[in-house]
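Data first, discussion second: the structure below is written as structure tokens.
The values are calculated or read from the model by the stated rules, or taken from the named source; none is laboratory data. What you see is a predicted model, and the numbers here were worked out from it, not measured in a lab. Here the Cβ positions follow ideal geometry from the backbone for every residue, glycine too, while neighbour counts run over all protein chains shown.
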Amino acid sequence: MKLSARTLNLEESATLAVSAKASRMKAEGIDVITFGAGEPEFHTPDHIKQAAIAALLEGATGYSKPASGLKFAKEAVCTKLARDAGLNYTPEQVIITPGGKMAVFQAIHAVIDPGDEVVIPVPYWVSYPEMVRLAGGVPVFVTGRRENDYKLTPDELAAVLTPRTRMVIMNSPCNPSGVTYNPDETRALANVLAERDLLVLSDEIYDQLLYHGQQALSFAAVSEPAFARTITVNAPSKTYAMTGWRLGYAAGPAEIIKAMDKLQSQTTSGACTFNQYALAEALAGDQTVVEEMRREFEARGNYMYPRLASMRGVWCPKPTGAFFCFPNVGATYANLGVSGSVEFADLLLERARVAVVPGLAFGMDDHIRLSFGATLAHIDEGLNRLEQFLAS
Ligand code: PLP
């Protein structure tokens, strides 16, 4: 069977591959502790579920009209972005997508031509490089110093910009590291980009999951020029425990949103209609659930991070957002007889029945990613197993 060069060259999502193997083992009755999946172990809050159920029963079962999203759902996005980030978007500057992933995909495909360079800070969320390559773009990787938890300084960012740079992808808080830029750091990076004709894709899907008093600033909120040049991407998936609903959104210059809409109308025809009622309820309704879940994540991270950081041969940036720890375990490879993070993760799964994601998927082969979306009991048992594994 001849397959297209595009799909043949595409990497399988490593995060999904690990959780698939762990699921297979679980189905065989093996007790696996899963730190792999990037989703909260919470249920979607009831008031959000009820909004979709009511819409469904009232007959909201046709196509989303328009495909770019129902007006009230876009208005809810505007309400959320004004409330949480101080951003003033109008519904014409907003698109509702089937998942945050699709918002990122469409934003890249709306503006990237073959040969255009896209700056991607490392470690990065798995899908950015592949999405850029699918659009014919050239990912340009850049890593901050370990002493700065891999965050980029203005000089490090400036050093990789060329006349071909069309986009910079920012993701703070970061998946996989949990590291977050503070407002001054964000302003400093925005200053570097101020005079340049390029776009920023700011993936803020973890914007509400901040810990230890960490402050953050939405990239578009830095200044008027930054606002005019930023595509803000978000989704209810993590904040409201809605990964399975496949809802996301983007806000940005109307011209870009229109181009994304064109792509959407020729591909998915938009987000599920009755789910958009749930999106509006999540974003504009009662927000107390967000703080409840955030606090729970903070407690889980507070348990996972110090334990990991104290393990022999392990260094870990402190997560101040999202729900991941991204320890460097490279110093243990020789002793374990593994050559990289994929072999490490495989051996850990086979031997200790703990599923993690190899750092290679995020551009750092010395690291692994552990999600603290799991319950405290799971985290405790999984870390015990990891500790024993490392001592073996
Ligand atoms: N962006 C980042 C940084 C993510 O971690 C994820 C999900 O893991 C997404 C986007 C996509 O989210 P969704 O599940 O809404 O497609």
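Is it the case that some residue within region 83-91 is in contact with a Lys or Arg (Cβ under 8 Å, 6 or more places away or on another chain) and under 30 Å from Ser223 (Cα atoms)? Among the residues of region 83-91, at least one is in contact with a Lys or Arg (Cβ under 8 Å, 6 or more places away or on another chain) and under 30 Å from Ser223 (Cα atoms), which makes the answer yes. Return the residues of region 245-258 that are of a type outside the set (Phe, Trp, Tyr) and more than 9 Å from the ligand (Cβ to nearest atom); say none if nothing qualifies. Within region 245-258, Ala250, Ala251, Gly252, Pro253, Ala254, Glu255, Ile256, Ile257, Lys258 meet the criteria. Does region 170-193 contain at least one residue that is touching a helix residue (DSSP H, G or I) at 6+ places or on another chain (Cβ under 6 Å), of a type in the set (S, T, N, Q), within 15 Å of the ligand (Cβ to nearest atom) and modelled with pLDDT of 95 or more? There is no residue in region 170-193 that is touching a helix residue (DSSP H, G or I) at 6+ places or on another chain (Cβ under 6 Å), of a type in the set (S, T, N, Q), within 15 Å of the ligand (Cβ to nearest atom) and modelled with pLDDT of 95 or more. Could you please let me know if Glu296 is among the acidic types (Asp, Glu) and surrounded by fewer than 17 Cβ atoms within 10 Å (Cβ to Cβ)? Considered against the rule, which asks whether it is among the acidic types (Asp, Glu) and surrounded by fewer than 17 Cβ atoms within 10 Å (Cβ to Cβ), Glu296 comes out as no. State whether one or more residues within region 151-165 are over 15 Å from Gly359 (Cβ atoms), modelled with pLDDT of 95 or more and within 15 Å of the ligand (Cβ to nearest atom). Within region 151-165, none of the residues are over 15 Å from Gly359 (Cβ atoms), modelled with pLDDT of 95 or more and within 15 Å of the ligand (Cβ to nearest atom).
Residue by residue through region 311-327, note down the ones that are farther than 14 Å from Phe389 by Cα and surrounded by fewer than 20 Cβ atoms within 10 Å (Cβ to Cβ). Trp315, Lys318, listed by residue number. Within the option set Ile205, Ile231, being of a type in the set (Val, Ile, Thr) and within 12 Å of the ligand (Cβ to nearest atom) holds for one residue only, Ile205. When region 343-378 is examined, which residues are found to be surrounded by fewer than 19 Cβ atoms within 10 Å (Cβ to Cβ), of a type outside the set (D, E, K, R) and not in a loop (DSSP other than H, G, I, E, B)? Leu347, Leu376, Ala377, His378, listed by residue number.
Could you tell me whether any residue of region 265-279 is crowded, with 23+ Cβ neighbours inside 10 Å, aromatic (Phe, Trp, Tyr) and within 16 Å of the ligand (Cβ to nearest atom)? No, that holds for no residue. Within region 101-123, residues that are part of a helix (DSSP H, G or I) sit with their Cβ atoms under 6 Å from residues that are polar (S, T, N, Q), at 6+ positions apart or across chains, in these pairs: Ala103/Thr97.
Checked against the criterion of being farther than 30 Å from Glu350 by Cα, within 14 Å of the ligand (Cβ to nearest atom), modelled with pLDDT of 95 or more and of a type in the set (Lys, Arg), region 90-105 has at least one qualifying residue.
In region 148-164, the residues that are of a type in the set (A, V, I, L, M, F, W, C) reach residues that are assigned to a loop (DSSP other than H, G, I, E, B) with C-beta atoms within less than 8 angstrom, at least six apart or across chains, in these pairs: Leu152/Gly144; Leu161/Arg196; Leu161/Leu198. Taken over region 51-81, the residue count meeting the criterion of being closer than 11 Å to Ala278 by Cβ and out of contact with any helix residue (DSSP H, G or I) (no Cβ under 8 Å at 6 or more places or on another chain) is 1. Among the residues making up region 27-48, a single one is of a type in the set (Ser, Thr, Tyr) and farther than 18 Å from Ser371 by Cα: Thr44.
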